[in-house]
Each structure stands twice: as C-alpha cells, then as structure tokens.
Amino acid sequence: MGNHYAPLAAEGHDPKWIYIGIGFVAEVINGTIGMAYGVTTTSLLLASGIAPAFTVIIMHILEVFTAGATGLMHYKAGNVNNKLFRSLLIPGIIGAITGACVLFLLKDYVHIIKPLISVYILLLGVIILYRAFRKINVGKKIKHLYPLGLVAGFLDSIGGGGWSTIVSSTLIAGGRNARYTIGSVILSRFFVALVSSITLIALIGFTNWYIVAWLVVGGLAGSPIGPYLAKRLPVKTTMILVAVAIILISLKQILL
C-alpha cells in the first residue's frame, strides 16, 4: 500500500481537534434533520486532507455503529418491513462489494477519484436542497427494488455515503410508507456499510483507528445538541444551510 491512501493532517493543526470537530458538526446536523451524516462527514474529511479511499473506509466504519444502533431500535419498534428489507439487502451488498473493488482498482488515480467523489457529494447536497424546497409528490409505487439497491449500494461504497438519501427519498416519493421505508433502509444500511468496510479493509488495509475514535468522541459531544436544535430551528432552514455548506465544500474540492 503506497502513499495514495495515507491520511493527511492540515498543516499547523492538531489532527485530533480536526476530527473531533468533524464528528461534532456531522452529529449535530444528523440529530437536527435526521440525515446528511455520511455526506457531511465525507465532505469534511476530504476537505481536511484525508485521502479518498481512507475517507470512504472511515465513513463506513462509523456507519456500522450508527446504522447498527439505530436500525436495531427501528426493528424493535416494529418499523422494519421484512420484505422490503430483504429486497434491498442483497442488491445493496452486491453493489457495495462492486463499488469497493472499483475504488481499489483505481488506487493509482487518486487525483481523479477525489474530484469524482466531490462531484457525487455535491449532487447529494443538491438533492438535500431540492428536498428542502419541494414537497414529496407521491407517485406510482416502485416495485423493481433490485436496480435501486444495486446502484445505491455501489454509489454509497465508492462515494462514502448516500444510501439513505438515495433509497429513502426514491421509495417515499414512489408511494412507500415513510415509517417502514426509513426503518428498513436504515437497518439495511448497517449491512451495506459492514460489507463495504470489510471489503475495503481487506483490499486496501486500514490502521488509522485513532481517526475513527476521535470522530466518535466528537459525535458523542454533539449528540445532545441536534435534538435541542431540532425543536427550535425550522427543518427547512437547517436543510438549506447544510445543503449549501456541502455544495460549497464540494465545489472547493473540485475547482481548487
């Protein structure tokens, strides 16, 4: 494994506080609007100088814990549709493994991977902005779930996030019950993140667990703030601010 995957610290700064700050901000946003955790973390890690492949690995390791805990709560609460869960699980795992392999094969093209991931994150920011301004118009119920799970799993694995944003918004807009959709998507996200993490670590390797630890510390510090803000800030306003921030960070990574 060469320098293509070496994490980079911002010059003149203690990396510990950078990672704590990223974890803090991402969890505050997640707790406030219930989404954009992966998108926010990935964009900020890239902006801090972390190599693309390490960014994706770190994001999926974090998602194993967050989606696992939240998915278990949804399952116990009866918010999981078993048929929907199974229909998303297999194609999602196949897509995740494929995405991880593609990311590994492109290891010698980091200068191309980073802007591509930034473009993907920018598009997710646009989707969040779109959802903030537009009410979801329920259309015809989507029946062909395998292509959706396959594509979302692939993009999530290679881009470091987007599974919930893509799958949940598509299914709800297609007439699926929001409660069962969110519960099923989050639980399936645990397995997609787990497979992505195992595949990427096996192919690329990963020893920088201290980064994950400091991100978790920051997340724990920020966890009480999100629910507090959710009660006082309009969801639409918060989504717009988050989307604009993600778009600007991604544009910086693409253009500079």
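The values are calculated or read from the model by the stated rules, or taken from the named source; none is laboratory data. Just so you know, these numbers come straight off a predicted model, no measurement behind them. Backbone-built Cβ (ideal geometry, glycine too); neighbour counts: all protein chains shown.
Every residue in segment 43-60 that is within 22 Å of Leu194 (Cβ to Cβ) and modelled with pLDDT of 85 or more, please.
Leu45, Ile50, Phe54, Thr55, Val56, Ile57, Ile58, Met59, His60
In segment 211-236, how many residues are in contact (Cβ under 8 Å) with a residue 60 or more places away in the chain and more than 16 Å from Glu27 (Cβ to Cβ)?
So the answer is 2.
Looking at Gly175 and the list (1) on the phi < 0 side of the Ramachandran plot; (2) assigned to a loop (DSSP other than H, G, I, E, B); (3) surrounded by fewer than 20 Cβ atoms within 10 Å (Cβ to Cβ); (4) of a type outside the set (Ser, Thr, Tyr), which single condition is not satisfied?
For Gly175, the failing item is (1).
Of these, Thr199, Thr170, Thr181, which one is without any contact (Cβ under 8 Å) to a residue 40 or more places away in the chain and either in a helix (DSSP H, G or I) or within 20 Å of Leu105 (Cβ to Cβ) (or both)?
Thr170
Within segment 83-104, can you find the residues that are more than 19 Å from the chain's Cα centre (by Cα) and either crowded, with 19+ Cβ neighbours inside 10 Å or under 29 Å from Ser223 (Cα atoms) (or both)?
Leu84, Ser87
A quick yes/no check of all residues on (1) surrounded by 15 or more Cβ atoms within 10 Å (Cβ to Cβ); (2) modelled with pLDDT of 90 or more:
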position	(1), (2)
His111	no, no
Ala132	yes, no
Leu155	yes, no
Thr165	yes, no
Ser196	yes, yes
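Search segment 242-253 for residues being surrounded by 15 or more Cβ atoms within 10 Å (Cβ to Cβ) and either not small (Gly, Ala, Ser) or not in a helix (DSSP H, G or I) (or both), and hand back the single one that is modelled with the lowest pLDDT.
The extreme case among them is Gln253.
Hey, can you tell me all the residues within segment 73-82 that are surrounded by 14 or more Cβ atoms within 10 Å (Cβ to Cβ) and out of contact with any helix residue (DSSP H, G or I) (no Cβ under 7 Å at 6 or more places or on another chain)?
None - no residue of segment 73-82 is surrounded by 14 or more Cβ atoms within 10 Å (Cβ to Cβ) and out of contact with any helix residue (DSSP H, G or I) (no Cβ under 7 Å at 6 or more places or on another chain), so the list stays empty.
Could you say whether any residue in segment 153-163 is touching a Pro at 6+ places or on another chain (Cβ under 8 Å) and part of a helix (DSSP H, G or I)?
For segment 153-163, residues touching a Pro at 6+ places or on another chain (Cβ under 8 Å) and part of a helix (DSSP H, G or I): present.
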